[in-house]
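Written below as structure tokens is the structure these notes are about.
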Ligand code: FEO
Ligand code: CA
Ligand code: CA
């Protein structure tokens, strides 16, 4: 859930009811048939037919078959437990964590916790950029785990890379919403460092700079001692804070192009900081990747650009504010003001590569992977040794992408892999209604991507990735978020969180529901299981939501734990899919949580809830250590929607404000894997 996200506030049943629009399901189907001409075979028709029917109606529908494969709902045999074996929990609305029996879930790293031996303790009344640069940042999201030592498969010692997606200043700074007590306009005017806002707002240079320092990532060494307790290693040589001010190199085809040049960086090759880091990934050579998502919210004053300025249409596509931003950072840092620096937004929206084994290494913005509202960038190795990176663009009607390196990686020469991400092909996905699909290359000079059409170079294709994807006819998805490969089967899973704006006329088989408030997970099988392939097969794996109210699909099983608004994914060593949610309470009566489903066999798609967070929070970034004996997961923005004085959550310290935190989940049986029965 993001600040910019609108919530569905209408009546769910009314939205789902076809009668409410004066249409029957036959009308819907008839119009789809007319629109498309021929819809091939029976494949996929079941999903359309079940749309809007209740579970009991599905059970009597002869046509209620899944998109492809699986067992129809009417023929489902209830399975007692998912193959992971834990006892599922129920939806929960309380202000405490809930986890499956025989497990424990404890706050492990809280916003403000010191990351270095001499870092200050968190003190809400003494926040500063300097303190925050030594403490765990705000709104933890994606988590990556890489073993220590580098190259090993150690499970008891490693590095966590943790994104800090954004800040909730109303829950961080006292008085932010009611007038800022420490903003002194006289002092501000007297200081060369201080700009005075045009109007007195509830923020200040100190607050803005603290916010910027609370963004970015934390890299921390964690270790399990002999008694089985995990701890943060404060004196580790690897611990590091990366913020919205950390210098980063811009690499790849868009580095240095005109659009990326600014007053501070006339070469267009170095940028300060990374912002709105949502999901991420790891590379086979042991680096972290982090995706810059909703960067538009930090920029202001689009209306200061001339109407015919060619960059304007690109900024508009990302939703940059016509006037002031909500955060008002532009009042204190010129680079966030388009009137001053119209190109600064082009320096965000990339995938950033970080070498966590060298705390002095410079993060690299890898432009070859395109510029969108990136979710993660997860890797899979092709048979030829090239590495594919899957990345979603999280906005309604945006696209799903894959980047494939030009060269093979070298398992024996880490240094030789360090620039692999600068050379390769970016593809965008088209999902065809017959259950196949194509990865369409976004290559300058090919097809529509020519200078005549506004793409002067490959760098411009990448800086304007969304426009390039429009031009080649990719499939507009329902908010494509996480996009991950099952390490056991090689199948790839794309999470589409929701899209309430899709109309019936805009539905297709990969995005089969109008008013899609609950989301779906699409399963992709690359042709020949080759992650460098340019064609694939696909089917709907889960069509989320309340089975009592909507056309849903959980592998044909009843007795499942319903979920909505799936966001992040991970897989355990058996290939079960772990799904975290962002926006459950808008759809189902429970806090966001973590759900597990087998991906193969009789129990495929049978979803069971493992973990539940607290009010206002999303559950994000689940990641196991190497042998699955520890699971780290983020509880992001607990209490969002409330205020400091009227909190909706006081987790984890039973105090206000709540503190975003990474949670450590372990089995109570030492040595047992998370998710196993005890
Ligand atoms: Fe930051 Fe797409 O969730
Ligand atoms: Ca999200
Ligand atoms: Ca996300």
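Values in this text are rule-based calculations from the coordinates and carry no lab data. Remember, predicted model here, so these are calculated numbers, not experimental data. As a convention, Cβ positions derive from the backbone with ideal geometry for all residues, glycine included, and neighbour counts pool all protein chains shown.
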Original post:
What whole number of Å gives the distance from the Cα centroid of segment 346-388 to the Cα centroid of segment 651-678?
Top reply: 29 Å
**OP:** Taking the Cα atoms of segment 385-525, report the difference between the largest and smallest coordinate on each principal axis, in whole Å and largest first.
**Re:** 50, 45, 24
Original post:
Of the peptides 578-588, 533-543, how do they stack up when ordered by the mean number of other Cβ atoms within 10 Å, highest first?
Top reply: 578-588, 533-543
Original post:
Which residues in segment 366-398 place their backbone N less than 17 Å from a point set 7 Å from the Cα of residue 503 along the Cα-to-Cβ direction?
Top reply: 397
**OP:** Starting with the highest mean, order 289-300, 225-236 by the number of other Cβ atoms within 10 Å, averaged over the residues of each peptide.
**Re:** 289-300, 225-236
**OP:** Please compute P(r) over all alpha-carbon pairs of segment 261-335, binned at 5 Å starting from zero, and give each bin as a whole-number percent.
**Re:** 3, 13, 16, 21, 23, 11, 7, 4, 1, 0
**OP:** Let me know the shape class of segment 338-431, please: from the alpha-carbon gyration tensor, a ≥ b ≥ c as square roots of the eigenvalues, rounded when a/c is under 1.5, otherwise prolate if a/b is greater than b/c, or oblate.
**Re:** oblate
Original post:
Over all directions, what mean area does the Cα convex hull of segment 467-602 project, stated in square nanometres?
Top reply: 9.0 nm²
Subject >> Highest-first arrangement of 619-625, 282-288, where packing means the average Cβ count within 10 Å >> reply: 619-625, 282-288
**OP:** Could you list the square roots of 5 times each eigenvalue of the Cα gyration tensor of segment 577-678, that is, the equivalent ellipsoid semi-axes, sorted largest first and rounded to whole Å?
**Re:** 27, 17, 10
Subject >> Relative contact order (%) - segment 278-388, alpha-carbon pairs under 8 angstrom, separation at least six >> reply: 35 percent
